1. Pull up region A:15-26, narrow it to residues that are of a type outside the set (S, T, N, Q) and facing chain B (nearest Cβ under 10 Å), then point me to the one that is surrounded by the most Cβ atoms within 10 Å (Cβ to Cβ).
2. Would you point out the residue of region B:121-157, among those that are outside any strand (DSSP E or B) and within 13 Å of another protein chain (Cβ to nearest Cβ), that is surrounded by the most Cβ atoms within 10 Å (Cβ to Cβ)?
3. For the structure I just gave you, tell me whether B:ASN495 is farther than 29 Å from B:GLU251 by Cα, touching a helix residue (DSSP H, G or I) at 6+ places or on another chain (Cβ under 9 Å) and in contact (Cβ under 8 Å) with a residue 60 or more places away in the chain.
4. Residues that are within 14 Å of chain B (Cβ to nearest Cβ), surrounded by fewer than 21 Cβ atoms within 10 Å (Cβ to Cβ) and not in a loop (DSSP other than H, G, I, E, B): does region A:43-64 have at least one?
5. Would you check which residues across region B:248-277 are closer than 20 Å to B:VAL349 by Cα and either without any contact (Cβ under 8 Å) to a residue 40 or more places away in the chain or assigned to a strand (DSSP E or B) (or both) and list them?
6. Return the residues of region B:308-365 that are in contact with a Gly (Cβ under 6 Å, 6 or more places away or on another chain), of a type in the set (Val, Ile, Thr) and more than 29 Å from B:TYR280 (Cα to Cα); say none if nothing qualifies.
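The values are calculated or read from the model by the stated rules, or taken from the named source; none is laboratory data. All of these numbers come straight from a predicted model, not from anything done at the bench. Because the Cβ atoms are built from the backbone with ideal geometry, glycine has one as well, and the counts that use them run over all protein chains shown.
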Amino acid sequence: MFAQWVQSHRDLPLLVNQWANVTRWEMRTRPFIRTLEFLWQEGHTAHATKQEAEEEALQMIEVYRTFAVDQAAIPVVVGRKSKLETFAGAVHTYTIEAMMGDRKALQAGTSHNLGQNFARAFETKFTDENGASQYVWQTSWGMSTRMIGGIIMTHGDDRGLILPPKVAPIQVVIVPIWKSSEEKESVLGGALAVEKSLKAASIRVKLDASEQKTPGWKFNHWEMKGVPLRVEIGPRDITSGSVVTVRRDFSGKASKEFGVSLAGLDVHIRKRLEEIQDNLLARALTFQDENIVDVESYLELKAAVSEGKWGRGHWAGSDLDEVTVKEETGATIRCFPFNQPEASKPCFMTGKSANEVAIFAKSY
Amino acid sequence: MATEVAGELNDALKIDKSATPDMVHAEQKHKKEKKVKENEKSKKATKAKMEAKSAGAKDSKKDTGLGLTVKKKENFGEWYSEVVVQAELIEYYDISGCYILRPWSYAIWESIKDFFDAEIKRIGVENAYFPMFVSQKALTQEKNHIEGFAPEVAWVTKSGDTELELPIAIRPTSETVMYPIFAKWIRGHRDLPLKLNQWCNIVRWEFKHPTPFIRSREFLWQEGHTAFASKSEADEEVLTILEFYRRIYEELLAVPVIKGIKSEVEKFAGGLYTTTVEAYIPTTGRGVQGGTSHCLGQNFAEMFDISFEDEKGERKKVWQNSWGLTTRTIGVMVMIHGDDKGLVLPPRVAPVQVIVIPVPYKDIDSNALFGACTHTSELLRKAGLRVKEDTRDNYSPGWKYSHWELKGVPLRIEIGPRDLTNKQVRVVRRDNFAKEDVPLSDLVSRVTDLLEDIQSSLLEKARKERDSCIVTVNTWDEFVAALNDKKMVLAPWCNEVEVEEDVKARTKGENGAAKTLCMPLEQNDLPEGSTCFASGKPAKKWALWGRSY
C-alpha cells in the first residue's frame with residue numbers, strides 16, 4: 001500500500017501506526033511473554049533519505065526506553081542486535097533488553113531500520129526534488145503486551161505482583177478496620193473521606209469496604225494484585241486524625257508508616273508513590289548491575305552464564321562463533337549496547353581486535 | 001484518450017513551478033508506469049469486479065484531484081465507492097470484503113471510541129481482551145446462536161504446513177469465548193454485576209455484497225458483555241447503552257436514528273430481545289442498523305451454566321446483556337452527509353476541523369502571508385480546535401479547495417492579500433458553501449460558532465429528510481407503493497414470525513426483501529380495531545419496515 005501512497009518526496013515522510021492483535025503459531029508459550037495471539041502497536045514509516053530513517057529508528061527505541069525506565073521502572077540496556085538476531089529484512093535492529101528476576105533477558109521492544117529492502121521488494125519509489133526516481137527508506141517498530149510480563153518479572157516478589165505507581169490501575173487501596181458496629185460507622189466515614197480527597201488529587205484509589213473479607217485477607221489480596229500503597233484506617237486512627245500507610249515495595253516494619261496525618265494526606269501519598277516508583281527502578285538497576293559481569297575470555301563468559309548472569313565482553317566473532325556460543329552455553333547476543341567503553345580490546349573468544357562490547361545472556 | 005490529456009493537464013497544475021519540462025515528462029512517465037502496474041494489480045483482485053473497475057477508473061482520475069466523477073443521486077453505489085477512496089478513508093485490499101482503514105477514517109473511529117469508552121467507564125464497565133480464537137466445542141454450545149452465525153464463521157485449519165488437529169474458529173462475536181469464563185468468575189451475588197467490554201476486530205465471512213464500512217468481512221467494534229443478578233438491572237442497562245448509541249449517531253455523527261425493538265425474526269440469535277438504533281439512507285431508500293443492545297435473558301446462562309448463589313443462598317442463573325457498535329457508523333455518516341463534491345464531516349468527528357489555505361498573488365510578501373496563516377492556525381489551535389495549514393507550493397489554491405472539500409473538512413479559511421490588508425480571513429463552510437469575511441479580532445468565537453452551527457445544521461437537515469421519508473400505511477397496497485417509492489414504512493403489525501417471513505417473501509425482488517427495521521420504542525396509540533397491514537389479524541404494535549443494508 002505504501003507503494004501506492006508514495007509517489008513524490010512530498011508524500012514523505014509517511015508515518016503510520018496501528019494498535020492491533022497479531023497471531024504467531026508459537027510452539028512454547030508463556031503468558032504475556034510468548035502467546036499465540038497478542039496485542040501490540042506496530043509503527044511503519046517511509047522516508048526520503050537513509051539518514052532520516054536511521055534517526056526515526058533511533059528516536060523510537062528511545063521512546064521505548066523512556067517508557068520502560070520512566071513508566072515501568074525497568075532499567076533496560078539499549079543497543080543494536082547482532083546480524084544473526086536482526087529482523088529478517090532489516091538493516092539494523094535496535095532493542096531494549098530487560099533483566100528479569102531470574103536474570104534471564106527479555107527483549108521488551110524493538111525498532112528496525114529496514115533500509116531499502118522492502119522498498120525494493122514492493123517497488124516503493126518516489127520522485128525526489130531533482131526528479132529522479134528513488135526507493136524509500138523505511139523503519140518499523142513495535143512494543144507488545146509482553147511488556148506486562150516484563151513488569152511482572154522485574155518487580156514481583158513472593159507475595160505477588162508489585163506494580164510501579166505510574167502504570168498501576170489502582171495506586172492506593174484503602175482498607176478500613178473495625179470490630180464493632182459503632183466503630184464501623186466512624187471508620188467507614190473516615191475512609192470515604194480519604195477516598196474522596198485522594199480522588200480529587202487524581203490518585204487512582206479504591207476503597208475496599210466489603211464486609212465478607214477480613215482486613216488480613218484484604219491485605220494479602222491487594223498485595224497479590226501489586227497495589228503500590230495501602231492505607232489502613234482503624235478506630236484509633238479516626239481518633240487521632242491520621243492513617244497508617246504501607247508500602248508494597250518494602251516488607252515488615254520498614255513498609256509501615258504510622259500516624260500519617262489526614263492534613264495534607266494527598267500530598268504525602270503522592271510523594272510516597274513517587275518514592276516507590278524511584279525505588280523500584282533503583283532496585284532493579286542495582287540488581288541488573290550486580291548481574292552483568294565483564295568477561296575477557298570465553299571461559300569467563302561460560303562461567304558467568306552458568307551462574308545465571310549476563311556477560312559483557314569485547315566481541316569480534318563471526319556468525320558461526322555466535323552460534324557456537326549459543327549451542328554451548330544457551331546464551332545469545334542480546335545487543336551491542338549503545339553505551340560502549342572507550343578502548344578496543346581483543347575479542348574474548350577469537351582474540352581479534354574488537355572495538356565493541358556485546359552482551360550475552362540466556363533469554364526468554 | 002481525452003481523459004489521459006485531461007490527466008496530464010491537471011498533473012501540470014500540480015507540478016513545481018521550478019520543474020523543467022524534462023522533469024515533468026519524467027514524472028508523468030513514471031506515474032503512467034505506476035498506473036499500468038496498479039491497474040494490473042487491481043484486475044487480479046479476486047471477486048468484486050465492480051471494485052476493480054472503479055479502481056481502474058479512479059486511478060486516472062486520482063491524479064487530476066478534480067474530485068468525484070459520479071453524482072450521488074445518479075449512481076449512489078459508484079458515488080460511495082468513489083468517495084471513500086478519493087477522500088482517503090479507505091483503500092481496497094486484495095482479499096474481497098476487506099478494507100484498509102486509512103488515518104482519515106481511523107481518526108473518526110477514535111473519536112467515537114473516546115466518547116463511548118468514557119461513558120461506559122462512568123457506569124462501571126471495564127475493558128478486557130479475550131482471545132480471538134474459539135474452539136469448535138465452545139462455539140456450538142448455544143444452538144440458536146451458532147445456527148445464526150455458522151455460515152459466516154472463518155476457520156483456521158493449518159499452522160504453517162501442518163494441519164491442526166482440531167480446526168479453530170475466529171470470533172464472529174465473543175459470547176462463546178467469554179461466557180465459559182463468566183461461569184468460572186461468577187459464584188455469588190457479590191460477584192455481580194460483572195461488566196466487561198472489549199474493543200477488537202471481528203471476522204464474519206459474509207456472502208452479501210461487501211460495502212466499505214457497511215459490510216466487510218473483518219471490522220472493528222466494541223462488544224460489551226454484562227451479567228446481573230436480576231432482569232430489571234439488565235433491562236435498565238440495555239436502554240442506558242442504547243442511549244449512548246443514539247448520542248454517538250445524533251451528537252457526534254449528526255445522523256438521526258430511531259430507537260426500537262427488533263422483531264423475533266431480526267433479534268440476536270440466542271437472545272431474549274434486541275434493541276436497536278435505526279438509521280436511514282434516503283438516497284437508496286434503505287434502512288441501516290446502527291448499533292444493537294441485546295438482553296440475552298438467561299439463555300446463555302443456561303447453556304454455559306453461569307449461576308450464582310443469591311442473598312438467600314439459592315442457586316440462580318444470571319441475566320445477561322451484550323451490546324455492540326461497529327465501524328459501520330462511519331459508513332452511515334458518509335452516506336448521509338456526503339455530496340457531489342465529496343465527504344461532509346460533522347465537526348465533532350472531523351480529524352481536521354479547519355483547513356487554512358494561503359492564497360498567494362504575484363508580488364505579495366509570502367512571508368507575511370504564511371505568517372498570517374500560522375498565526376491564524378495557532379489562535380484556533382489554542383482554542384482547542386483541530387487545525388491544519390496547507391502551504392504546499394506545488395498545488396494551486398483551487399486544487400486545495402477541491403481537495404479539502406473532497407475530504408470533508410467542515411470549515412476552510414482562505415487568506416489572501418486583501419485579507420492581510422484588512423486584518424481578516426475569509427471563511428467558507430463545507431456544508432452550504434456560505435462565505436464570510438471574519439475580522440481577526442473575532443476569529444476564535446466566530447469559527448467556534450460556525451462549527452457548532454454546522455454540526456447542528458447537518459443533524460437538522462438529515463432529520464428533516466429522514467422524517468419526510470417515513471410513510472404511515474394501513475394496507476398492503478399502500479405498503480408496497482411506499483416501499484417502491486424508497487420510503488420507510490410505519491405500519492400496524494400483528495407481530496408474528498410467519499407474517500414477517502411472508503412479507504419478506506412477497507417483497508423479494510431485485511431491490512431485496514423488505515423486513516422490519518424495528519418496533520419503535522416511541523409508539524403512538526393504535527386506533528381500536530386496527531388490523532395488521534399484511535395479515536389482517538389484530539394489530540399489536542406499530543412497526544417500521546423497509547429495505548435495508
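1. Start the filter on region A:15-26 by keeping residues that are of a type outside the set (S, T, N, Q), which leaves A:15-16, A:19-20, A:22, A:24-26.
Then keep just the ones that are facing chain B (nearest Cβ under 10 Å); that gives A:15-16, A:19-20, A:24-26.
On the way: A:LEU15: 13, A:VAL16: 16, A:TRP19: 11, A:ALA20: 14, A:ARG24: 11, A:TRP25: 12, A:GLU26: 14.
Once the filter is applied, the top-ranked residue is A:VAL16.
2. Just the residues of region B:121-157 that are outside any strand (DSSP E or B), to begin with: B:121-125, B:128-132, B:136-153.
Now restrict to residues that are within 13 Å of another protein chain (Cβ to nearest Cβ): B:121, B:124, B:128-132.
Numbers: B:LYS121: 13, B:GLY124: 10, B:ALA128: 11, B:TYR129: 14, B:PHE130: 17, B:PRO131: 18, B:MET132: 20.
Ranking the qualifying residues of region B:121-157, first place goes to B:MET132.
3. Working: farther than 29 Å from B:GLU251 by Cα: yes; touching a helix residue (DSSP H, G or I) at 6+ places or on another chain (Cβ under 9 Å): no; in contact (Cβ under 8 Å) with a residue 60 or more places away in the chain: yes.
Considered against the rule, which asks whether it is farther than 29 Å from B:GLU251 by Cα, touching a helix residue (DSSP H, G or I) at 6+ places or on another chain (Cβ under 9 Å) and in contact (Cβ under 8 Å) with a residue 60 or more places away in the chain, B:ASN495 comes out as no.
4. So far as region A:43-64 goes, yes, one or more of its residues are within 14 Å of chain B (Cβ to nearest Cβ), surrounded by fewer than 21 Cβ atoms within 10 Å (Cβ to Cβ) and not in a loop (DSSP other than H, G, I, E, B).
5. B:VAL257, B:VAL277
6. Scanning region B:308-365 gives a single hit, B:VAL359.
Per-residue answers, yes or no, for (1) crowded, with 20+ Cβ neighbours inside 10 Å; (2) aliphatic (A, V, I, L, M); (3) out of contact with any Ser or Thr (no Cβ under 8 Å at 6 or more places or on another chain); (4) more than 23 Å from B:ALA279 (Cα to Cα):
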{"position": "B:PRO492", "(1), (2), (3), (4)": "yes, no, no, no"}
{"position": "B:GLU498", "(1), (2), (3), (4)": "no, no, yes, yes"}
{"position": "B:GLU501", "(1), (2), (3), (4)": "no, no, yes, no"}
{"position": "B:LYS504", "(1), (2), (3), (4)": "no, no, yes, no"}
{"position": "B:LEU517", "(1), (2), (3), (4)": "yes, yes, no, no"}
{"position": "B:GLU528", "(1), (2), (3), (4)": "no, no, yes, yes"}
{"position": "B:ALA534", "(1), (2), (3), (4)": "yes, yes, yes, yes"}
{"position": "B:LYS537", "(1), (2), (3), (4)": "no, no, no, yes"}
{"position": "B:LYS540", "(1), (2), (3), (4)": "no, no, yes, yes"}
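Conditions tested, residue by residue: (1) buried (at least 17 other Cβ atoms within 10 Å of the Cβ); (2) at pLDDT 95 or above; (3) among the charged types (D, E, K, R).
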| position | (1), (2), (3) |
| --- | --- |
| B:TRP199 | no, yes, no |
| B:VAL203 | yes, yes, no |
| B:ARG215 | yes, no, yes |
| B:LEU220 | yes, yes, no |
| B:GLY224 | yes, yes, no |
| B:GLU236 | no, yes, yes |
| B:GLU243 | no, yes, yes |
| B:ARG246 | yes, yes, yes |
